[in-house]
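Participant: The structure under discussion is supplied below as structure tokens; questions concerning it will follow.
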């Protein structure tokens, strides 16, 4: 880099790669010497900038390789040794003192060490500022800053004071946003340079390696943009150029000098605002003519800047704590209401305001399995589902956020009024459990200092950027962007996700416990009915058995009345036995697992009818008609019971008819089939229709029609287990219709 | 000589009714009564008071499921393990309509499963049919020789 061209076109990529910390040359307002300890302990000049010969009025070869003692005498030599050996752990660089060279130049010596070598920079001395004035300024500023709470006020004060100290024409304080763009927050201006307050600087104006450098060395001064760089010369060739990170005379990038020329500033100086280890912003000082200020003034400005940075950090932290506490309170409220609701998700869906407030969003959506609940201002459900699918399919992390959804998800371009910003959390990779928060577009006009995207594309396709020629304000409408997601909001969503995970896990455990308990009580119920079926049937069997024996073996001893009584005892015992069997069957329906298969209903109906008719017809005339019946899905044993009950009922209650009619038919009603059994029997009073399907409910006297009264209860239970309904319509002495429905099977054609 | 019917029944009422039913069926087979699972095993395995009974299996075992000490299903499992008793006709005779019992019974190798009907005429009929089928109609499997 010794032959640095004065102008250069550098492309974006090599701009970021340019080793600006080791340019191999110094600016013209001073010279640099590197001292290395010789084996005998004396400090020898190891490297020197070429311009040392002019400043020292001494040829370069009588500088390089010479001892410190030869060049500067005892006193300074001892001081420089101290710098190297005593102050090794000192801050970046250190002001040693003023010196008058033999050549007559008045210089200030600034030193720092690089490895075991000492870098001594000799900077042209300016008129001295009285320490009293400096001290007064600093004390004033500190006193002021202590009372200031607003960042704006703070930056105004700091720019004003720095202008007072430096007398530069224009002082700008700008901060960087998350994208690296700078915004001018404050300006103090003599009026000789154009105002730049509120303008934005694109991130590319401060390349990455410059940002790193500004973190390490927080001050930088270029007294005259038109300086002639002076290259460094080494006594013996060196492997790597000198690391000039902490140098005050470090020559700057030619791009930067072009940039300054284009901006119309002859001199510049800057101070880094570092907040919590990050480059928060910069204070830039510009002057229309060449200008410099002594090291001590720059130090004072740096101190002021550091004080301001500390204040900004404190302000940020206070604001952040306040936000955190507010959002934590909302999270706590939400979790409490989740805990109170039986279905914990209701605790969220019933409090849409709080859900949205948690991340300060305008809309939110829950997507859990197949369900999608929207609240506030969101895109339509189809779009929300598509966004949620996109998050899952593209393997986005469990927490995702953007303030410009359309930049990663182009379909969101149409949704900017609801979904310019998106925050999403996902609780599970396996099951869908997503919460999405939406923010609308905030249209903003950004005043750029010049066109920010003034790039040219080279024929080979690489993008190149030239230092901008124009800093005339250029306004841009920022579209499809929401307000940025703040760290506290991102954290709130993350904390909420973790809390939800805990709740969901705990609920899952509770469900598992409940399932275990349910299984236990099912087991108990089974044991109970087992015991009933064994132990309750036996005594009825014995009563009936011995009564029969009495009747058959001892009948000659019994009066007719006695025989009748015994017959009644026997019948009652048998009926009781029948009831026990019916009850057992009834409870078994609830306990048996459904074995669902596709079933041809017509086949079942005809089979069952044939069975019943063989058993019960007794020479009656019965007309039976069965219309076309659909294929359904169900448990064949249970559905056979349904038909057996309905058809034998029809047969039973048509007994008084000379010609009994039983009709079976079915039709489709939306997603279900409706089956009907119609008879022309004795019917029933429709006022009692609702009682028909209860267990042991009968609408007829026992002696009229036999039965235990459990048949229709079984029908209802079986149909309900298949997801259908049952009802009946009766006309007293004029027949009855019994209906039940079954869902249309999903996979079968209608 | 006709081989006996082994009736395993603990309930005195059921015992009496079953015996009545069997006597009404006109079967000439002797009926050996065991009042619990242990007694049934004693008989079948020549133990206890049956230690010195003449060698030979019954024509059929009418075996109640719910029995004191060793229940009917356990008895069934034990005798099916014995080479000599593997093919002995066993009819499970029970109050229970529980599917579980029926399944277990068949799995363990019962030859029939009869739920005692509450109505006595049905009961008599069931017992008679069983007795006749297993004691008379059904040719019992040949007796394997006892391994010495």
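Participant: In the set B:10, B:36, which member is under 26 Å from residue B:119 (Cα atoms) and touching a residue at least 40 places away in the same chain (Cβ under 8 Å)? Lay out the reasoning, then the answer.
Facilitator: Values: B:36 fails: touching a residue at least 40 places away in the same chain (Cβ under 8 Å).
Sole residue among the options that is under 26 Å from residue B:119 (Cα atoms) and touching a residue at least 40 places away in the same chain (Cβ under 8 Å): B:10.
Participant: For region B:16-33, give me each residue that is in contact (Cβ under 8 Å) with a residue 12 or more places away in the chain, surrounded by fewer than 16 Cβ atoms within 10 Å (Cβ to Cβ) and within 14 Å of chain A (Cβ to nearest Cβ).
Facilitator: Listed by number, the residues that qualify are B:19, B:24.
Participant: Quick one: would you say residue A:588 is closer than 23 Å to residue A:719 by Cβ, at the interface with another protein chain (Cβ under 10 Å from one of its Cβ atoms) and assigned to a helix (DSSP H, G or I)? Walk me through it before giving the result.
Facilitator: Values: closer than 23 Å to residue A:719 by Cβ: yes; at the interface with another protein chain (Cβ under 10 Å from one of its Cβ atoms): yes; assigned to a helix (DSSP H, G or I): yes.
Against the criterion (closer than 23 Å to residue A:719 by Cβ, at the interface with another protein chain (Cβ under 10 Å from one of its Cβ atoms) and assigned to a helix (DSSP H, G or I)), residue A:588 qualifies.
Here's the yes/no breakdown for (1) touching a strand residue (DSSP E or B) at 6+ places or on another chain (Cβ under 8 Å); (2) more than 13 Å from residue A:304 (Cβ to Cβ):
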| site | (1), (2) |
| --- | --- |
| A:105 | yes, yes |
| A:114 | yes, yes |
| A:125 | yes, yes |
| A:151 | yes, yes |
| A:159 | yes, no |
| A:164 | no, no |
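Participant: For region A:534-552, which residues satisfy the criterion of being touching a strand residue (DSSP E or B) at 6+ places or on another chain (Cβ under 9 Å) and touching a residue at least 40 places away in the same chain (Cβ under 8 Å)?
Facilitator: Taking region A:534-552 first, the residues touching a strand residue (DSSP E or B) at 6+ places or on another chain (Cβ under 9 Å) are A:534, A:537.
A:537 - this is the single residue of region A:534-552 that is touching a strand residue (DSSP E or B) at 6+ places or on another chain (Cβ under 9 Å) and touching a residue at least 40 places away in the same chain (Cβ under 8 Å).
Participant: Also: Can you find a residue in region A:79-90 that is in a strand (DSSP E or B) and more than 27 Å from residue A:167 (Cα to Cα)? Break it down into steps so the answer makes sense when it comes.
Facilitator: Taking region A:79-90 as the starting set, the residues that turn out to be in a strand (DSSP E or B) are none.
So far as region A:79-90 goes, no, none of its residues is in a strand (DSSP E or B) and more than 27 Å from residue A:167 (Cα to Cα).
Participant: Separate question: For region A:311-339, which positions are in contact with a helix residue (DSSP H, G or I) (Cβ under 7 Å, 6 or more places away or on another chain), over 20 Å from residue A:501 (Cα atoms) and surrounded by 15 or more Cβ atoms within 10 Å (Cβ to Cβ)?
Facilitator: Within region A:311-339, A:311, A:312, A:315, A:323, A:324 qualify.
Participant: Looking at region A:288-302, is at least one residue buried (at least 19 other Cβ atoms within 10 Å of the Cβ) and in a strand (DSSP E or B)?
Facilitator: No, because not a single residue in region A:288-302 is buried (at least 19 other Cβ atoms within 10 Å of the Cβ) and in a strand (DSSP E or B).
Participant: Does residue A:582 satisfy the criteria of being assigned to a helix (DSSP H, G or I) and within 12 Å of chain B (Cβ to nearest Cβ)?
Facilitator: Details: assigned to a helix (DSSP H, G or I): yes; within 12 Å of chain B (Cβ to nearest Cβ): yes.
When the stated conditions are applied, residue A:582 passes them.
Participant: OK, next. What helices (runs of 4 or more DSSP H), lying completely within region B:39-148, carry at least 3 residues that are away from chain A (no Cβ under 14 Å), modelled with pLDDT of 85 or more and farther than 21 Å from residue B:27 by Cβ? Show your work before the answer.
Facilitator: On the way: elements: B:72-81, B:99-107, B:120-132.
Fully inside region B:39-148 and qualifying: B:72-81.
Participant: Just wondering, is there one or more residues in region A:619-630 that are part of a helix (DSSP H, G or I) and either facing another protein chain (nearest Cβ under 9 Å) or loosely packed, with under 13 Cβ neighbours inside 10 Å (or both)?
Facilitator: Keep residues of region A:619-630 that are part of a helix (DSSP H, G or I), which gives none.
Among the residues of region A:619-630, not one is part of a helix (DSSP H, G or I) and either facing another protein chain (nearest Cβ under 9 Å) or loosely packed, with under 13 Cβ neighbours inside 10 Å (or both), which makes the answer no.
Participant: Confirm whether residue A:464 is in contact with a strand residue (DSSP E or B) (Cβ under 6 Å, 6 or more places away or on another chain), modelled with pLDDT under 75 and within 29 Å of residue A:194 (Cα to Cα).
Facilitator: Numbers: in contact with a strand residue (DSSP E or B) (Cβ under 6 Å, 6 or more places away or on another chain): yes; modelled with pLDDT under 75: yes; within 29 Å of residue A:194 (Cα to Cα): yes.
Yes, satisfied.
Participant: May I pose another question? If you take just the strands (runs of 3 or more DSSP E) that sit entirely in region A:177-271, which of them hold at least 2 residues that are under 26 Å from residue A:304 (Cα atoms)? Even if it seems obvious, please write down each step before you answer.
Facilitator: Details: elements: A:182-189, A:219-222, A:230-234.
Those strands (runs of 3 or more DSSP E) span A:182-189, A:219-222.
Participant: Next question, about the same structure. In the list A:494, A:480, which residue meets the criterion of being away from chain B (no Cβ under 14 Å) and in a helix (DSSP H, G or I)?
Facilitator: On the way: A:480 fails: in a helix (DSSP H, G or I).
Among A:494, A:480, only A:494 is away from chain B (no Cβ under 14 Å) and in a helix (DSSP H, G or I).
Participant: For region A:340-435, please list each of the strands (runs of 3 or more DSSP E) lying entirely inside it that holds at least 1 residues being within 17 Å of residue A:497 (Cα to Cα) and either touching a residue at least 40 places away in the same chain (Cβ under 8 Å) or over 13 Å from the mean Cα position of the chain (by Cα) (or both). Spell out the reasoning first.
Facilitator: On the way: elements: A:363-368, A:371-376, A:399-402, A:421-426.
Strands (runs of 3 or more DSSP E) meeting the threshold: A:363-368, A:399-402, A:421-426.
Participant: Taking the residues in region A:497-533 that are facing chain B (nearest Cβ under 9 Å) and in contact (Cβ under 8 Å) with a residue 24 or more places away in the chain as candidates, determine which candidate is surrounded by the most Cβ atoms within 10 Å (Cβ to Cβ).
Facilitator: Across region A:497-533, the extreme among qualifying residues is A:533.
Participant: Look through B:67, B:44, B:62 and report the one residue that is buried (at least 18 other Cβ atoms within 10 Å of the Cβ), closer than 26 Å to residue B:104 by Cβ and touching a strand residue (DSSP E or B) at 6+ places or on another chain (Cβ under 6 Å). Outline the logic, then answer.
Facilitator: On the way: B:67 fails: touching a strand residue (DSSP E or B) at 6+ places or on another chain (Cβ under 6 Å); B:44 fails: touching a strand residue (DSSP E or B) at 6+ places or on another chain (Cβ under 6 Å).
Going through B:67, B:44, B:62 in turn, the sole match is B:62.
Participant: Follow-up question, since we're still on this one. Out of region B:1-15, which residues are more than 20 Å from residue A:534 (Cα to Cα) and either surrounded by 21 or more Cβ atoms within 10 Å (Cβ to Cβ) or facing chain A (nearest Cβ under 9 Å) (or both)? Please lay out each step first, then the result.
Facilitator: Residues of region B:1-15 more than 20 Å from residue A:534 (Cα to Cα): B:1-6.
The answer is B:5, B:6.
Participant: Checking the conditions here, which among A:709, A:724 is surrounded by 13 or more Cβ atoms within 10 Å (Cβ to Cβ), under 60 Å from the mean Cα position of the chain (by Cα) and modelled with pLDDT under 85? Break it down into steps so the answer makes sense when it comes.
Facilitator: On the way: A:724 fails: modelled with pLDDT under 85.
Within the list A:709, A:724, the selection yields A:709.
Participant: Name the residues in region B:77-93 that are surrounded by fewer than 24 Cβ atoms within 10 Å (Cβ to Cβ) and closer than 19 Å to residue B:11 by Cα, would you? Can you show your working first?
Facilitator: Of all residues in region B:77-93, those surrounded by fewer than 24 Cβ atoms within 10 Å (Cβ to Cβ) come to B:77-89, B:91.
Answer for region B:77-93, where residues must be surrounded by fewer than 24 Cβ atoms within 10 Å (Cβ to Cβ) and closer than 19 Å to residue B:11 by Cα: just B:91.
Participant: Would you mention how many residues in region A:540-564 are more than 8 Å from chain B (Cβ to nearest Cβ) and closer than 17 Å to residue B:116 by Cα? Show your work before the answer.
Facilitator: Of region A:540-564, the ones more than 8 Å from chain B (Cβ to nearest Cβ) are A:543, A:550-564.
From what's left, closer than 17 Å to residue B:116 by Cα: A:543.
Residues flagged as more than 8 Å from chain B (Cβ to nearest Cβ) and closer than 17 Å to residue B:116 by Cα within region A:540-564 amount to 1.
Participant: Go through A:668, A:640 for me and flag whichever is part of a strand (DSSP E or B) and modelled with pLDDT of 90 or more. Before the answer, list the steps.
Facilitator: Details: A:640 fails: part of a strand (DSSP E or B).
Of the residues listed, the single one that is part of a strand (DSSP E or B) and modelled with pLDDT of 90 or more is A:668.
The values are calculated or read from the model by the stated rules, or taken from the named source; none is laboratory data. Just so you know, these numbers come straight off a predicted model, no measurement behind them. Cβ: placed from backbone, ideal geometry, glycine included. Neighbour counts: every protein chain shown.
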